[in-house]
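Visitor: Right, I'll just put the structure down here and ask away after.
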Amino acid sequence: MIPDNNTSTLPGLYIHVPFCVTKCPYCNFYSVTDRSAIPSWINALRREMNWYKGEFEHFDTVYLGGGTPSVLSPNELAAVLDGAYEAFTISGDCEVTIEANPGDIDEDFLSFLRDTPVNRVNLGVQSFDDAVLAYLGRRHDSEDCRTSINLLRNSGYDNIGLDLIYAVPGQSMKSWKVTLEEALRWKPEHLSCYELTLETGTPMGRRFADGDVELPGEDERYDFFMTTSERLEKDGYIHYEVSNFARRETFRSRHNMKYWNHVTYLGLGPSAHSFSGNRRWWNHASVERYISDLEHNRRPLEERESLTDKDLRLERVFLGLRTIDGIDGNDPALFDPPANNILQQCLADGLLEHRAGRIVPTRRGLALADQLAVLL
Amino acid sequence: MDSIRNFSIIAHIDHGKSTLADRMIQLAGLTNSRTFRDQILDTMDIERERGITIKSQAITLPYRAQDGGTYYLNLIDTPGHVDFSYEVSRSLASCEGVVLLVDAAQGVQAQTLANLYLAMEHDLEIIPVINKIDLPAADTERVMEQIENELGLDPFGSILCSAKEGTGVPDIMEAIVQRIPPPRGDAGKPLSALIFDAQYDAFRGTVVFCRVFDGIMKAGQAVRFMHNDTVYRVEEVGRFSLVREKKEQLEAGDVGYLIAGIKNVADVSVGDTITDDHRPCAAPLPGFKEAKPVVFASIYPIASDDYEELVVALEKYKLNDASFTYQKDSSVALGQGFRCGFLGLLHLDIVQERLEREYDLSIILSVPSVRYRFILKNGETVYIENPAHYPESMSIEKAEEPYIRATMMFPEQYLGAVMKLCIDRRGENSHINYPSPERVELQFELPLSSVIYDFYDSLKSLTQGYGSFDYDIIDYRESDLVLLDILVNGEKVDALSQIVNRAVARERALNTCERLKEEIPRQMFKIAIQGAVGGEIIARTTISAFRKDVTAKCYGGDITRKRKLLEKQKKGKKRMKMVGSVSIPQSAFVSVLKSDKG
Ligand SMILES: Nc1nc2c(ncn2[C@@H]2O[C@H](COP(=O)(O)OP(=O)(O)O)[C@@H](O)[C@H]2O)c(=O)[nH]1
Ligand code: SF4
Ligand SMILES: [Mg+2]
């Protein structure tokens, strides 16, 4: 049985849909805008599914991410889902999520989607401020967001997540608060509020490196973080991970929790990562390589690694400190012994606290999760 | 004995001593140029890199002179830095003459003079050589004048030379034979030999370098080191060409080495006299002084696991450096370590660098200190060089600190600036000489504590590189001393405690706090840095806390990348020292050490 906070120890299945209509300048996920390869990608995906057939017990989450899964036509989407259900055992109460772009979903698409097992939709709203959306290079506007949420609700979706971004260059706290308020009015079951992070490989990241883009300073970013957390908790949302909020415990993202809890997951599609026991492996971030490898009956692996106990320990600490479930307070092996001083100071300073035998980060602690992981 | 000449090359640093030595070695045919390494006498890496000679060595150069005779020229190399002036004086005591090298562009400098005076004290024949005449900036006329007026030597006896190109080098060899007298001495008398250096050899133990004045030394003989009062049986004697060359015996006038199963270099004192145990000489040779450390600092490993390694490294290091001292010390903030004594700051730098480089250790040095003298109310006199042992202030009758006489030379235009520097450093009793119209020789009495840090660097930069500096320790003088403590988040970092004159305590405290603020990275907590004297806070700064440090997204694929990033950061943390819950990087300790002034 799935406990209240929607965590489980069964494996999760991730499918990477590496296609977007346009590429957002800050985005670091692997995707291409040429969608002509979708049919052969589907074929390859089904071959990859066959590679892993029988290797996993049944999955209790399926997550269609990307990229933009909502660029798939109903038939294409059906082919992907059918493939997964044919190759794997998928539990009846499975959480099946699709990421969608506002504007991509219309009534026809939704009436089709209602007949699939997809029971959770995560909408890439990003902002309700059109200036911010334009700056981010999104192809939708705030009106598209509203329309999409309305459509989703009307078609009966009762598990919706919204993605939002803050600390965008030029974005004021006021603009962000307006976006937050509007988001709250829709009463989504789940909210992801990400601080904009610029990676060097992206166009915006390059402009940042060249000094042409200025990000808000640490104090401002801290204010965004705290304001968000306080405001959402006021409305009863649970700040259960650095960037994630659930309206109730049961609305935590069961799938994402697996990443943070060292639960097995299988990732399919270009650039997808997998984890099992002490092994990680991941696929080439290239649609062509992915397709041709599978056409030649090769696994499209980019790399694999075995984690040592030390690696696992470090991961448990830094992943654990990202969530309000924290880390096992009674497992001395988790800490460097010299860190005890720091641990005590963090507890005294209210960055960490003891709860039910665990050491968990407070709100301020979450804002410093990486530092904590380095020090502990 | 008539075919032997014992000489040294003396010069201000960088005037070309090592280069000239190389040329002479080549000319003597000890090496062909294919196997020749530049600056062959400077065997240690650091000496090569810094271009200074730390340990003196000796080498015998066979030379066929114009008179047709074959001579053996014993070149005794000397260290070229003020920290090592005692060792220089012992080397000079082993010679009958010196080659005094002056840079043709720079002219006479403070150490040219200091070295000349040393040579004169030993009654040595002096051959002035003007080096680097190949330089476009060479001004031999001016240097000739300086040699006459400032050094009081006959300028027409000087030889023009370019050690780099080799011009003039045969003339120097010839002058050594013609002008430096052969050693005198009596091989029939009881043995007396002067130790001027010692080096450690992993296979043979300590190799002692000495000059035999009277008598004979050979294998099998029982010799006594008079000052240390130890007796050894001689295993081997010989001289150095490029390698050790075993000989039947060393006799009066010879310079050579001795191997006698001596375990540690520390068992040998430079300046000691070797004699025959059964037939001793009447008295030891004059001028013995124990090389006493004047600067002290504690050394701690950054990671306390490295303590054992530090112990081994210090033992090994000590084998080859008799003037370095160390004893156990412990710090509340930094754990187990050692209190070490050095001849000066350069010596300290060298030791630190060698420990880090040759033994791959990461160490932290406490703030260096001189040795203070306290006369207590109960009449006792104590010497304190470790702030941790600072006496109870109620018990102090009188506090004193060591003073030096500094001699500086520089072009006249910098006089004002240098005067100000010296006065700022609590200098007194100045003396100005004008050895020549546009040059100044300035003497000042200064607290040693005010020059051990960056005095020489400041002098150099004030005089645009033309200033030179030399010093002697003269006496102890009364000083209003206080103990300055540095607190990080209320916790005393005892390695940063300093004994200072009350007049400069506040400035020093502020300076230290600012330095630490620059070097300690922001952390999760606010960090208060304070300077305190006797419980009273006299300086403070704070480092504001980090508030946001977390990656927004951490999904599937990110985890490996993220872990590797954190591993790297964790490694960086390991190189920091934890004081309470604050991580202090090694650079913070170093910056305090480098920046202080008295
Ligand atoms: N141009 C020129 N440079 C020289 C001459 N002799 C030495 N040097 C350079 O001066 C610097 C210092 O020389 P070095 O022998 O290390 O001086 P030391 O400190 O007295 O041992 C080195 O860069 C040498 O290459 C010379 O005759 N002419
Ligand atoms: S942010 Fe989403 S829509 Fe934009 S490029 Fe990235 S994956 Fe595609
Ligand atoms: Mg040299």
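Visitor: Go through (1) open to solvent by 40 Å² or more (accessible area, probe 1.4 Å); (2) more than 21 Å from B:VAL108 (Cβ to Cβ); (3) touching a Pro at 6+ places or on another chain (Cβ under 7 Å) and name the single condition B:TYR403 misses.
Guide: (1)
Visitor: So is B:ALA297 more than 30 Å from B:PHE240 (Cα to Cα), open to solvent by less than 10 Å² (accessible area, probe 1.4 Å) and touching a residue at least 12 places away in the same chain (Cβ under 8 Å) or not?
Guide: When the stated conditions are applied, B:ALA297 passes them.
Visitor: Which one of the conditions (1) of a type in the set (D, E, K, R); (2) more than 20 Å from the chain's Cα centre (by Cα); (3) in the same structural domain as A:ARG358 (by TED's automatic domain parsing); (4) open to solvent by 40 Å² or more (accessible area, probe 1.4 Å) does A:ARG313 fail to meet, given that it meets all the rest?
Guide: So the condition that A:ARG313 fails would be (4).
Visitor: Is there any pair linking a residue in the stretch B:145-160 that is part of a loop (DSSP other than H, G, I, E, B) to one that is open to solvent by 20 Å² or more (accessible area, probe 1.4 Å), with Cβ under 8 Å and at least six apart or on different chains, and which?
Guide: Filtered contacts from the stretch B:145-160: B:GLU150/B:PRO435; B:LEU153/B:ILE126; B:ASP154/B:GLU148; B:SER158/B:MET144.
Visitor: Quick one: how many residues across the stretch B:385-423 are out of contact with any helix residue (DSSP H, G or I) (no Cβ under 8 Å at 6 or more places or on another chain) and at pLDDT 90 or above?
Guide: 21
Visitor: A follow-up question, please. Select, from A:LEU110, A:LEU81, the only residue that is farther than 22 Å from A:THR147 by Cα and either more than 14 Å from chain B (Cβ to nearest Cβ) or within 16 Å of ligand 3 (Cβ to nearest atom) (or both).
Guide: From the options A:LEU110, A:LEU81, the qualifying one is A:LEU81.
Visitor: Also, I was wondering about something else. Quick one: which residue in A:THR61, A:THR22, A:THR9 is within 28 Å of B:ARG561 (Cα to Cα), among the polar types (S, T, N, Q), within 14 Å of chain B (Cβ to nearest Cβ) and away from ligand 1 (no atom under 16 Å from the Cβ)?
Guide: Selected residue: A:THR61, the only one of A:THR61, A:THR22, A:THR9 that is within 28 Å of B:ARG561 (Cα to Cα), among the polar types (S, T, N, Q), within 14 Å of chain B (Cβ to nearest Cβ) and away from ligand 1 (no atom under 16 Å from the Cβ).
Visitor: What are the pairs, 6+ residues apart or on separate chains, where a residue within the stretch A:23-45 that is open to solvent by 70 Å² or more (accessible area, probe 1.4 Å) and away from ligand 3 (no atom under 16 Å from the Cβ) has its Cβ under 6 Å from a residue that is in a helix (DSSP H, G or I) and β-branched (Val, Ile, Thr)?
Guide: The qualifying pairs do not exist here.
Visitor: Within the stretch B:487-529, which residues are part of a strand (DSSP E or B), surrounded by 21 or more Cβ atoms within 10 Å (Cβ to Cβ) and more than 14 Å from chain A (Cβ to nearest Cβ)?
Guide: B:GLN498, B:ILE499, B:VAL500, B:ILE529
Visitor: Filter the stretch A:337-361 for residues that are open to solvent by 20 Å² or more (accessible area, probe 1.4 Å), under 16 Å from B:MET578 (Cα atoms) and at the interface with chain B (Cβ under 7 Å from one of its Cβ atoms) and give the result.
Guide: A:PRO338, A:ASN341, A:GLN345
Visitor: Something else now. Give the number of residues within the stretch A:1-54 that are assigned to a loop (DSSP other than H, G, I, E, B) and aromatic (Phe, Trp, Tyr).
Guide: Number satisfying all stated conditions: 3.
Visitor: Oh, and also: Considering only residues that are touching a Ser or Thr at 6+ places or on another chain (Cβ under 9 Å), open to solvent by less than 20 Å² (accessible area, probe 1.4 Å) and of a type in the set (Gly, Ala, Ser), which ones fall in the stretch B:316-364?
Guide: B:SER331, B:GLY337, B:GLY341, listed by residue number.
Visitor: Only one residue in B:LEU355, B:LEU348, B:LEU361, B:LEU314 is in a helix (DSSP H, G or I) and in contact with a Leu (Cβ under 6 Å, 6 or more places away or on another chain), so which one is that?
Guide: B:LEU355
Visitor: When the residues of the stretch B:193-208 are narrowed to those that are of a type outside the set (Asp, Glu) and open to solvent by less than 10 Å² (accessible area, probe 1.4 Å), which ends up nearest to B:ASP321 (Cα to Cα)?
Guide: Top of the filtered list is B:ALA198.
Visitor: Another question, if that's okay. Within the stretch A:25-56, work out how many residues are away from every other protein chain (no Cβ under 14 Å) and either near ligand 2 (Cβ under 10 Å from one of its atoms) or not basic (Lys, Arg) (or both).
Guide: 22
Visitor: May I pose another question? Against the condition open to solvent by 20 Å² or more (accessible area, probe 1.4 Å), outside any strand (DSSP E or B) and charged (D, E, K, R), how does A:ARG364 come out, does it pass?
Guide: Judged against the criteria, A:ARG364 is a match.
Visitor: If B:CYS281 passes every condition in (1) of a type outside the set (S, T, N, Q); (2) within 25 Å of the chain's Cα centre (by Cα); (3) buried (at least 19 other Cβ atoms within 10 Å of the Cβ); (4) not assigned by TED's automatic domain parsing to the domain that holds B:ALA219 but one, which one does it miss?
Guide: It is condition (2) that B:CYS281 fails.
Visitor: Moving on to the next point. Got at least one residue in the stretch A:185-201 being part of a helix (DSSP H, G or I), surrounded by fewer than 18 Cβ atoms within 10 Å (Cβ to Cβ) and out of contact with any Cys (no Cβ under 8 Å at 6 or more places or on another chain)?
Guide: Among the residues of the stretch A:185-201, at least one is part of a helix (DSSP H, G or I), surrounded by fewer than 18 Cβ atoms within 10 Å (Cβ to Cβ) and out of contact with any Cys (no Cβ under 8 Å at 6 or more places or on another chain), which makes the answer yes.
Visitor: Collect the residues in the stretch A:347-362 that are closer than 18 Å to A:SER229 by Cβ and of a type outside the set (Asp, Glu), keeping them in residue-number order.
Guide: Selection gives A:GLY350, A:LEU351, A:LEU352, A:ARG355, A:VAL360, A:PRO361, A:THR362.
Visitor: Please find, among B:VAL108, B:VAL143, the residue that is touching a Leu at 6+ places or on another chain (Cβ under 9 Å) and outside the structural domain of B:ASP197 (by TED's automatic domain parsing).
Guide: B:VAL108
Visitor: If you scan the stretch A:277-293, which residues turn out to be within 21 Å of A:PHE88 (Cβ to Cβ) and within 12 Å of chain B (Cβ to nearest Cβ)?
Guide: A:ARG279, A:ARG280, A:TRP281, A:TRP282, A:ASN283
Visitor: Which residue pairs have Cβ atoms closer than 8 Å, lie 6 or more positions apart in sequence or on different chains, and pair a first residue in the stretch B:558-577 that is facing chain A (nearest Cβ under 9 Å) with a second residue that is of a type in the set (Ser, Thr, Tyr)?
Guide: Hits for this filter: B:ASP558/B:THR551; B:ILE559/A:TYR259; B:LYS562/B:THR551; B:LYS573/B:SER583.
Visitor: Somewhere in the stretch A:255-276, is a residue more than 10 Å from chain B (Cβ to nearest Cβ) and more than 18 Å from the chain's Cα centre (by Cα)?
Guide: yes
Visitor: If you don't mind, there's one more thing I want to ask. Please verify whether the stretch B:457-465 includes one or more residues that are aliphatic (A, V, I, L, M) and part of a loop (DSSP other than H, G, I, E, B).
Guide: no
The values are calculated or read from the model by the stated rules, or taken from the named source; none is laboratory data. Note that the coordinates shown come from a computational prediction; the quantities given were computed from them, not determined experimentally. Note: ideal-geometry Cβ built from the backbone for every residue, glycine included; neighbour counts use all protein chains shown. Calculation scope for accessible area: heavy atoms of the full protein, side chains included, ligands and nucleic acids excluded. Shrake-Rupley method; radii C 1.70, N 1.55, O 1.52, S 1.80 Å.
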